1. Does region A:447-472 hold any residues that are of a type in the set (A, V, I, L, M, F, W, C) and either surrounded by 12 or more Cβ atoms within 10 Å (Cβ to Cβ) or closer than 20 Å to A:Ala347 by Cβ (or both), and which are they?
2. Hey, any hits in region A:392-403 for a residue that's modelled with pLDDT of 90 or more, among the polar types (S, T, N, Q) and over 26 Å from A:Ile21 (Cα atoms)?
3. Is it true that A:Ser139 is surrounded by 15 or more Cβ atoms within 10 Å (Cβ to Cβ) and among the small types (Gly, Ala, Ser)?
4. Out of the residues in region B:120-131 that are away from chain A (no Cβ under 12 Å) and in contact with an Asp or Glu (Cβ under 9 Å, 6 or more places away or on another chain), state the one that is modelled with the highest pLDDT.
5. Of all residues being at pLDDT below 80 and under 14 Å from the mean Cα position of the chain (by Cα) in region B:132-157, which is nearest to the other protein chains (Cβ to nearest Cβ)? Just the residue, please.
6. I'd like to verify a number: residues in region A:48-101 that are hydrophobic (A, V, I, L, M, F, W, C), assigned to a loop (DSSP other than H, G, I, E, B) and at pLDDT 90 or above, how many?
7. Hey, can you tell me all the residues within region A:42-79 that are among the polar types (S, T, N, Q) and without any contact (Cβ under 8 Å) to a residue 12 or more places away in the chain?
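The values are calculated or read from the model by the stated rules, or taken from the named source; none is laboratory data. Model, not experiment: these values are computed from the prediction. We place every Cβ from the backbone using ideal geometry, glycine too, and count neighbours over all the protein chains shown.
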Amino acid sequence: MTSTIELHTTVRLPPAPAPRIEVATRLRRRDRRRRNAAVDALAIIVWVSAALAAALYLASPGAHILSGGAAFVTAAGIVAGLVATDLVLVMIVLAARVPLIDRVFGTDRAIAVHRSLGKPVLYLILVHGLLITIGYGLSDRTNPVAETISLFTTLPDMPLAYLSLGLFVAVVVTSLVAVRRRLPYEAWHVIHLLSYAAVAVALPHQLSVGSVLASGTWQRVYWIALYVLALGAIVVYRFLLPILVTFQHRIRVVAVEPIAPGVVSIHLSGRDLTRLGVQGGQYGVWRFWTTGTWWHAHPVSFSAVPSENHARITVRDLGAGSRRLSRIRAGAFVSLEGPYGLFTAKARTAPYLTLIASGIGITPIRSLLEDSVLREGEATVLLRGSDPDQRYLWNEVADLATVTRSEIFAMIGPRPSGADAWQSAEDWNRGVTLTSTFPHLLESDLYICGPQPWTDLVVRDARLAGVPEHQIHQERFSS
Amino acid sequence: MRPRAVAGGVFASASVLLIGWQIGAAQVSATTSTSTPATGSTSGSSGSASTGSGSTGSASGSTGTSSGSSASTATPSASATATPAAGSSVSGTFDGATTETRFGPVQVEIVVSAGKITDVVALQLTNEGGRSVEISNYAAPILRTEALSAQSAKIQSVSGATYTSEGYVTSLQSALDKAGL
């Protein structure tokens with residue numbers, strides 16, 4: 001343990017007295033309405049963009065003088081390709097960490113939607129290639145194989161289009177759960193980055209072979225604008241902004257403090273860290289620029305709200321990359337993407353607050369509690385560990401609970417072996433439930449953070465108890 | 001997804017699709033209406049020709065005026081040999097107007113012998129965009145055969161080569177107009 005430097009984050013007193021319950025409720029209801037409106041607007045934009053892609057074709061004269069079955073097959077293929085490309089661009093925007101999307105929707109949910117689109121979009125792309133080949137083949141009176149060869153050899157940009165198709169297949173296949181689990185994260189990530197190449201090399205054939213986006217049409221202008229928008233979002237929010245943040249704040253490792261077997265708190269220094277605008281419960285994607293670690297980005301929660309020159313994250317060695325983090329030396333240069341996440345007090349919708357943390361899931365719960373302005377008895381905290389070693393930061397949370405006049409419970413012990421339960425075996429047998437632990441459960445915002453299977457069980461029980469969906473908050477860590 | 005987002009999305013998408021369809025339809029009707037004057041004048045000239053054939057006796061005189069009026073567009077040599085009505089003795093080569101299509105200009109030339117179309121030569125065919133040349137090469141012989149058997153511009157367009165066919169028919173019709181057929 002460290003003794004020379006004062007590393008322990010000081011617990012800050014709430015800056016202002018908590019607002020009255022009616023006022024807080026009214027403000028939260030308003031914020032929730034606004035967030036929902038924004039999310040609905042974004043969803044409608046996605047719908048409309050897909051419809052616009054199809055409308056580009058409908059608005060071209062070619063769609064109005066179709067004759068013969070072959071023409072209709074080709075037309076369906078064209079529409080499939082346009083809609084698929086539009087959705088690929090939507091997927092890119094969803095993965096671009098656009099601040100607006102993170103603020104109203106949460107990056108984790110955006111990534112979940114991104115993921116759910118992957119397979120359907122690939123099918124659309126395959127259907128596009130298949131239908132057009134068949135359609136052209138019918139009108140040229142050749143079989144699909146001969147047509148494919150003729151497409152490949154006679155048209156200028158088609159080899160690139162086939163390359164794009166191959167890349168899309170590779171990207172989606174490596175992202176299938178079964179395949180991805182076997183791949184190291186970095187391998188998957190490098191392959192996934194090929195999707196930018198896939199999107200890029202698909203463009204020439206859209207502009208040269210297709211007639212919908214022929215030069216001089218407004219369709220072509222719109223289409224190129226879409227590409228610029230989507231790829232621009234990536235460049236700005238995933239590359240330029242993180243670089244700017246990194247150089248502005250000049251974050252460096254001050255010390256690595258072991259707090260339990262396999263768990264370290266990394267103390268960071270930097271300039272103007274309050275201007276990062278970190279809210280308690282948020283996370284950053286961190287990269288430590290030392291020889292063994294620079295190629296690995298770590299999504300890790302802030303375990304304390306940063307002060308002017310000091311920030312802290314707490315990491316458990318869940319993988320080889322995290323294990324190396326415990327050996328990082330002081331002075332290492334750190335780059336940061338973020339802060340991200342909607343696991344914050346801003347997302348609250350209910351008059352009471354329930355925080356449930358297990359294991360290393362304590363970190364966002366701790367900073368969330370630190371960043372919350374609370375009435376006496378408004379918050380109840382339940383800390384869960386499968387053994388006494390897992391009491392990471394529990395003493396700090398206990399201090400915060402005292403300061404915020406919150407109730408705090410602890411539950412230690414493994415889960416029961418025979419039953420699907422999030423409780424310890426002992427408490428499970430005693431009949432402890434969410435309802436028995438949290439008297440205001442149904443009027444509470446539930447913030448849950450822990451291992452995913454455990455979190456799923458807590459969420460299941462909360463739903464069964466009748467907690468409305470919008471009061472359940474969880475952060476899923478997986479990029 | 002919330003019901004409001006779904007309802008809004010479906011409604012907005014349907015509107016967009018409808019508007020897109022309308023824009024496309026308007027464009028198509030615009031191109032047909034610009035080509036309608038051409039067909040209109042065609043039927044007009046054939047009408048005057050039939051009135052010419054109606055007044056069979058003064059055929060050559062009325063023909064002289066009618067061919068004179070059409071001579072402004074037709075080549076002098078053609079109008080010189082052009083004879084009316086039965087149209088039995090028109091001979092020569094007539095170039096159709098160049099028709100602009102989305103994939104490039106189309107122009108055909110007809111060879112007429114004694115009032116019969118004996119050949120259709122494609123002077124220019126759609127050649128812009130990767131597949132256009134391929135499509136043109138495929139469609140041109142079919143269109144030529146159709147035109148020769150129909151002896152008019154009332155021919156089926158070749159599926160998969162709609163633009164080429166349209167341009168072909170328009171240019172062919174203008175060539176027929178010049179020939180007074």
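1. A:Ile448, A:Cys449, A:Trp454, A:Leu457, A:Val458, A:Val459, A:Ala462, A:Ala465, A:Val467, A:Ile472
2. yes
3. yes
4. B:Val120
5. B:Ser157
6. Residues flagged as hydrophobic (A, V, I, L, M, F, W, C), assigned to a loop (DSSP other than H, G, I, E, B) and at pLDDT 90 or above within region A:48-101 amount to 3.
7. Taking region A:42-79 and keeping what is among the polar types (S, T, N, Q), we get A:49, A:60, A:67, A:74.
Selection gives A:Ser67 alone.
Per-residue answers, yes or no, for (1) within 8 Å of chain B (Cβ to nearest Cβ); (2) farther than 27 Å from B:Val158 by Cα; (3) of a type in the set (Gly, Ala, Ser):
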| site | (1), (2), (3) |
| --- | --- |
| A:Arg28 | no, yes, no |
| A:Ala54 | yes, no, yes |
| A:Ala63 | yes, no, yes |
| A:Ala70 | yes, no, yes |
| A:Val73 | no, no, no |
| A:Ala80 | no, no, yes |
